[in-house]
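The block underneath contains the structure these notes are about, expressed in structure tokens.
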Amino acid sequence: MLDHDLLGKNSSRPPIVLVHGFPLDRRVFAEVAADLATTHRVVNLDMQGFGASRSEAPFTLDDQAKAIHSTLREKGLLPCVLAGLSMGGYVALAFHRRYAGDLDGLILVDTKASADTAEAKEGRNKMAELVKKEGSPAVAAQMLPKMMGSKPDPAKKAKLTEIMHACPATTIANALMAMRDRPDYTPDLATMSMPLLVITGAEDAIAPVEVGRSVAKAAPTGKFVEIAGAGHMAPLEQPAAVAGAIRAFLK
Ligand code: MLT
């Protein structure tokens, strides 16, 4: 079972499940989770190998979706509304492909539906070499300049750095291979029948606003919300705005 926080008391509605990005853990969603828990039940989890869900076993993004589903099923938390940040968004799309019947809605944050390009795959291989040789801080140093908006809050930047440094090198290498080998989820969008919300930080340099907007447009029920003053880490950078967009969607 994946380690998780279960917050909030409102059991009359499906819970909202939060899935972090790479190379992170559930702490990136902590403020959004606390905010949403005032009105909804919230599950904030660590994926396999991340945070308190310790494991060195290699995984695919589909494996992560299966582990999330089995944790939620065991706890009686299905159906749910699933929200994934960046890599968590790829996992949410894998979950949707496999378990659409257990979803009441899907929320994709700072993410995309397409697969890696050949160049991006090469970048994953290089980063995996880097983390094996130099450890997690070297990956954090490479990624940090692209993670937040142009005026990052120093305390939030320090928190993000701490989270990235804490991610085990083996997990980072495993996640890089999983992201490199993920399929293209774009074709799934056209036939998506459940409500979809796409949220993107206005200054996201990794999954830019145009990409988020096109993901929302490709789904019959897709809605798009842009978060001002945020980059790729909108839930950490602007938690109140992200929680507000999710709450409005859940209504
Ligand atoms: C993430 O934030 O999860 C990653 O940047 C996603 C990616 O590298 O594709």
- [ ] Just need the Rg to Rh number for the stretch 89-204, please, alpha carbons only, Kirkwood Rh.
- [x] 1.00
Task: Ranked list, fewest to most other Cβ atoms within 10 Å of each Cβ, for Thr71, Thr186 - done: Thr186, Thr71
Task: Sorted by Cβ density within 10 Å, fewest first, the residues Lys75, Lys112 - done: Lys75, Lys112
Task: Angle in degrees between helix 209-218 and the longest Cα principal axis of the chain, rounded to the nearest 10 - done: 40 degrees
TODO: With the convex hull built on the Cα atoms of the stretch 158-232, state its orientation-averaged projected area in nm².
DONE: 6.3 nm²
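Based only on the alpha carbon positions, what is the Kirkwood hydrodynamic radius of the chain, in angstrom?
Taking the inverse mean of 1/r over all distinct Cα pairs, the chain comes out at 17.7 Å.
Which three semi-axes in whole Å describe the equivalent ellipsoid of the stretch 205-251, each the square root of 5 times a Cα gyration tensor eigenvalue, listed largest first?
18, 16, 6
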TODO: Among DSSP beta bridges lying fully in the chain, give the percent that are antiparallel, nearest 5.
DONE: 15 percent
Open item on the list: Translational diffusion coefficient of the stretch 61-105 at 37 °C, 0.692 mPa s, Stokes-Einstein with Kirkwood Rh over Cα pairs, in µm²/s as a whole number.
Closed with: 323 µm²/s
Open item on the list: Taking the beta-carbon count within 10 Å as an exposure proxy, list Met127, Met1, Met47 from fewest neighbours to most.
Closed with: Met1, Met127, Met47
- [ ] Only bridges with both residues in the stretch 1-54 count here: give the DSSP antiparallel percent, nearest 5.
- [x] 50 percent
TODO: Obtain the radius of gyration and the Kirkwood radius of the stretch 7-46 from its C-alpha atoms and give Rg over Rh.
DONE: 1.00
Open item on the list: To test your reading of the geometry: what angle, between 0 and 90 degrees and rounded to tens, separates the Cα axis of helix 61-74 from the longest principal axis of the chain?
Closed with: 40 degrees
- [ ] Please express the shape of the stretch 1-110 as an equivalent ellipsoid: the semi-axes are the square roots of 5 times the eigenvalues of the C-alpha gyration tensor, given largest first in whole angstrom.
- [x] 19, 15, 13
Task: Mean residue ellipticity (222 nm) of the chain, computed from DSSP H runs ≥ 4 via -39,500 (n - 2.57), nearest 500 - done: -14000 deg cm²/dmol
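Each value in this text was obtained by applying a stated rule to the coordinates, not by laboratory testing. Note that the structure is predicted; figures quoted are calculated from it, not measured. Glycine also receives a Cβ, built like all others from the backbone with ideal geometry; neighbour counts cover every protein chain displayed.
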